[in-house]
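Have a look at the structure below before the remarks.
Readers should treat all values here as calculations from the given coordinates under stated rules, not as data from a laboratory. In this text the structure is predicted, and so the values were computed from the model without any measurement.
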């Protein structure tokens with residue numbers, strides 16, 4: 001289910017980015033799917049790579065979104081897609097980070 005949650009999250013992020021009336025429900029759904037991915041899709045062996053990749057993705061997508069938002073080239077849809085990807089990935093990264101901190105504290 002975790003792999004499907006990831007694919008569905010990316011598809012919702014892209015689709016909602018190009019919909020004119022995308023609502024808070026889409027953002028909520030992306031966040032919820034991100035939490036699901038973080039809880040059930042990331043194994044202990046993948047944690048380090050996942051957190052590095054999601055950190056880079058969040059920073060890169062946020063930065064590119066801010067840059068594109070300043071240019072009137074009709075990139076509103078792309079800006080929304082990037083923002084939606086961040087809304088999906090950030091909760092997954094947060095859950096994995098919290099699980100990792102808990103595991104470290106528990107083993108100490």
With springs only between Cα atoms under 10 Å, which of 40, 67, 14 fluctuates most in a Gaussian network model of the chain? 67
One finds the C-alpha centres of region 1-53 and region 72-91 to be spaced, in Å, by 13
Fully extended contour minus Cα-Cα distance, from residue 97 to residue 66, at 0.36 nm per residue: 8.6 nm
If the chain between residue 32 and residue 44 were fully stretched, how many nm would it gain, using 0.36 nm times the residue separation less the Cα-Cα distance? 2.2 nm
D_trans [Stokes-Einstein, Kirkwood Rh over alpha-carbon pairs] for region 2-107, 20 °C, 1.002 mPa s, µm² s⁻¹: 151
